[in-house]
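**Student:** The structure follows.
The values are calculated or read from the model by the stated rules, or taken from the named source; none is laboratory data. This one's a predicted model, so the numbers in the text were calculated from it and none came from an experiment. Neighbour counts are summed over all protein chains in view; Cβ atoms, including those assigned to glycine, are modelled from backbone coordinates with ideal geometry. Surface accessibility is based on the protein's heavy atoms, side chains included, excluding ligands, DNA and RNA. Shrake-Rupley method; radii C 1.70, N 1.55, O 1.52, S 1.80 Å.
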Amino acid sequence: MNRLLLCCLLIVLAACGSVQPIATSKTNSTTSSNQTNVPAQVDMGLPEEIGVGSGATPQLIPNEETVRLGDRGGDVFTPVEDSATIGQGVARKLRIGLSLGPGLYRSINYVSLLKYLERQNLSPQIVTGTGFGAVVAAMYASGMTPEVIEWNFYRYFKEKRKYRPYDAEWLEEIDTLLLEKLKNKNIQDTTKKLYITLYNSKTKKTYYFDKGNIRDLLLMNLKLSNSVDPRKKGNQYTAAFENEVFNPGLMKRLGADFAIGADVLGSKFDFEDSNEFLIGVYGRVSGRIAREKKGFDYFYSIPVSKMSLDSTENGAFYLLKTQEYVEGQAGTLKKLIQQKISSNEKI
């Protein structure tokens, strides 16, 4: 009996000795090699004047093989019913672009739109904005979730003083309370493709910045042309909405398959502290929006006209109203996206 047990033990030991360890080093080496084999970036052929105001070459956009769309949102899932995939969702790739218009403190309502787009798996990969819309766009592109953006705005609303919009003290306060987390971030390092529009009061042209320090560009984006001296070097850039609000054509040239625009300004607006000059400025902006919005595949005219542009009251109420409005447009948006997918497949 003991001899039998001894023989069994020797057989087991021999078998264990023949088992080879998993070649983890070889597997890891292969994975690392695949990750570093990244295709070259592609030039989207943007006009020469796009850049840092001096004809600089714009930041190139990675092609789809370089950055998988699923890593940065924009995947649209649509049900496809056939003999092989009945009842299953099939991923369709569609690159979403989003442009946010100006509207001072009303711009917090864009948070509800961002939340909705993310829930529908339509989070934009290309984002831009003017005025406070640029602030929201930059926060989102830099990696902040809509919830974090909302929290940053509420913190600013809670701590801000009653400075008049666009005054020097107001701009300094925004820099301290709202743009603090963007001070060390550059456009070329954002998780989503971002560009910030600025108007050059010296050349009378609008420029599209896709590289540079986000905080510095946003501060220039929050200045009006009457507050700068274009004769001073580096002091000629101001809010682009004084000349141009949206540029859906540029967004599509940057690679957006489906361009969405959003506006909180509308045609009715006021200030808690009466300001005829700003009412005139935003009146001209409103007219431009009415003309430019026609270039988008879909446009949201968010109805928050009862909220003063410089008001911080009842923010939660208006966010809820915006959410209801956006969800009410869901059927139309999805229908247009389906049509875009179908047209892309036929090409």
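**Student:** Being surrounded by fewer than 20 Cβ atoms within 10 Å (Cβ to Cβ) and touching a residue at least 24 places away in the same chain (Cβ under 8 Å) is the filter; apply it to the range 283-292 and report the residue that is nearest to residue 100 (Cα to Cα).
**Tutor:** Filtering first and then ranking leaves 288.
**Student:** Pairs, please: C-beta under 6 Å, at least 6 apart or cross-chain, first residue modelled with pLDDT of 90 or more and in the range 330-347, second surrounded by 14 or more Cβ atoms within 10 Å (Cβ to Cβ)?
**Tutor:** Once the first residue is modelled with pLDDT of 90 or more and sits in the range 330-347, its partners that are surrounded by 14 or more Cβ atoms within 10 Å (Cβ to Cβ) give 333/298; 336/298; 337/76.
**Student:** Between 185, 205, which is at pLDDT below 90, open to solvent by 20 Å² or more (accessible area, probe 1.4 Å) and touching a strand residue (DSSP E or B) at 6+ places or on another chain (Cβ under 8 Å)?
**Tutor:** When all the criteria are applied, what remains is 205.
Here is a yes/no grid of residues against (1) open to solvent by less than 70 Å² (accessible area, probe 1.4 Å); (2) of a type in the set (Val, Ile, Thr):
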{"site": "296", "(1), (2)": "yes, no"}
{"site": "306", "(1), (2)": "no, no"}
{"site": "310", "(1), (2)": "yes, no"}
{"site": "318", "(1), (2)": "yes, no"}
{"site": "326", "(1), (2)": "yes, yes"}
{"site": "330", "(1), (2)": "yes, no"}
{"site": "336", "(1), (2)": "yes, no"}
{"site": "341", "(1), (2)": "yes, yes"}
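**Student:** For the range 117-150, which positions are open to solvent by 10 Å² or more (accessible area, probe 1.4 Å) and either under 20 Å from residue 316 (Cβ atoms) or hydroxyl-bearing (Ser, Thr, Tyr) (or both)?
**Tutor:** The answer is 118, 119, 123, 142, 144, 145, 147, 148, 150.
**Student:** Given the conditions (1) part of a loop (DSSP other than H, G, I, E, B); (2) touching a helix residue (DSSP H, G or I) at 6+ places or on another chain (Cβ under 6 Å), and given that residue 136 satisfies all but one, which numbered condition is not satisfied?
**Tutor:** Here residue 136 meets the rest and fails (1).
**Student:** If I ask for residues that are touching a residue at least 24 places away in the same chain (Cβ under 8 Å) and open to solvent by less than 20 Å² (accessible area, probe 1.4 Å), which ones from the range 156-174 would you list?
**Tutor:** 165, 174
**Student:** Follow-up question, since we're still on this one. So is residue 190 closer than 24 Å to residue 111 by Cβ, surrounded by 13 or more Cβ atoms within 10 Å (Cβ to Cβ) and of a type outside the set (Gly, Ala, Ser) or not?
**Tutor:** Yes; evaluated as a whole, the condition is true for this residue.
**Student:** Still on this structure, please answer the following. Report, by residue number, each residue of the range 249-272 that is among the basic types (Lys, Arg) and in a loop (DSSP other than H, G, I, E, B).
**Tutor:** If the condition is that a residue be among the basic types (Lys, Arg) and in a loop (DSSP other than H, G, I, E, B), then 268 is the only one that fits.
**Student:** Just one of (1) modelled with pLDDT of 95 or more; (2) closer than 20 Å to residue 248 by Cβ trips up residue 95, so point out which.
**Tutor:** So the condition that residue 95 fails would be (1).
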